[in-house]
1. If R₀ is 22 angstrom, what is the calculated FRET efficiency for the pair residue 8 and residue 49, using the beta carbon separation as r and rounding to 0.05?
2. Got a sec to turn the phi values of segment 3-8 into Karplus ³J(HN,Hα) couplings, 6.51 cos²θ - 1.76 cosθ + 1.60 with θ = phi - 60°, whole Hz, x for Gly and Pro?
3. Could you derive backbone 3J(HN,Hα) for segment 61-70 from the dihedral phi with the Karplus parameters 6.51, -1.76 and 1.60 (θ = phi - 60°), listing whole Hz in sequence and x where the residue is Gly or Pro?
4. Quickly work out the residue 153-to-residue 58 label distance, labels modelled 7 Å from Cα along the C-beta direction, and quote it in nm with one decimal.
5. Sum up the charges of everything whose Cβ sits under 12 Å from the Cβ of residue 97, counting Lys and Arg as +1 and Asp and Glu as -1, but leave residue 97 out.
6. What accessible area per residue, rounded to a whole number of Å², is obtained for segment 1-105 using a probe radius of 1.4 Å?
7. Could you work out how far apart the two model spin labels at residue 109 and residue 33 are, taking each label as a point 7 Å from the Cα in the direction of the beta carbon, and quote it in nm?
8. Can you give the extra length, in nm with one decimal, that the chain gains between residue 91 and residue 19 once fully stretched, where that is 0.36 nm per residue apart less the Cα-Cα distance?
Amino acid sequence: MFKPLELMGLLDDVRALRSAHWLPPIETVPEWVVYSLPDGMWLLSYMFAMEFIWNNDSKHIRLFFIWAMPVAIIAHEFCQLMGLASGTWDILDLTSYSIAIIIYLLTKKTIIMTQNMSLKLICSCIVAAVFVIGAASCATSKYQQALDKQLQQNGTSNSNQSPTNESPTSN
C-alpha cells in the first residue's frame, strides 16, 4: 500500500501524519472501529464509485457492477460462518456491510441523480475521503498485528511492513 506513496515522494509526509497525535491512541479505539468500520466504508465507497462510473450505461450493467461486491462479501461472510471459506465469521462485519448498503440506498437518489454539479463534486469528494479514511484505518498497527498473527498461523511471513518501521510486536 505504501510503495506508490514512496514512489511519489510522499512517504515522509505519511509518516509525519501517522506520528502526529491528533488521533487517539489505537488502544483506546473500539475494536469494531479498527476491524469492521473500514470494511463498511470500503463497501460504501465501492457502491458509489460504481454508481458514478456506470451511471450512463444500461440499467442491467450498472446494477451488476453496483451489487456484485455486496453480494460477494456477504456470501463470503456466511460461508465463513458455515466453515466453507477461510476467515472468521464476524457479526460486526456483517452489520458494517448492512449499514453501508442502507446508507447507499437512502442517499443514492439524492446524491447521484441530482443535476447540480457542485453537489456531485462535493459528494464525490466525500466518497473519496471515506475511501481514504477506510484505507488508513486498515493500516493501523493493531490491524498489522492481527495480520501478522494470521500469517504466522498459516506458515507464511509478511513482507508488507508498516511504513513507520515499527515491528508489530513492539507495541
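1. With a Förster radius of 22 Å, E is 0.55.
2. Residue by residue, segment 3-8 yields 4, x, 5, 5, 5, 8 Hz.
3. 5, 4, 5, 4, 5, 5, 9, 4, 5, x
4. Simple spin-label model gives 4.5 nm for this pair.
5. -4
6. Here the residues of segment 1-105 average 64 Å² of exposed surface.
7. It works out to 3.4 nm between the two label points.
8. Full extension from residue 91 to residue 19 adds 22.7 nm.
The values are calculated or read from the model by the stated rules, or taken from the named source; none is laboratory data. As the structure is a prediction and not an experimental result, all values here were calculated from the model. All Cβ positions, glycine included, derive from the backbone under ideal geometry; neighbour counts span all protein chains shown. Side chains are part of the model used for accessible areas, which takes the heavy atoms of the whole protein and leaves out ligands, DNA and RNA. Shrake-Rupley method; radii C 1.70, N 1.55, O 1.52, S 1.80 Å.
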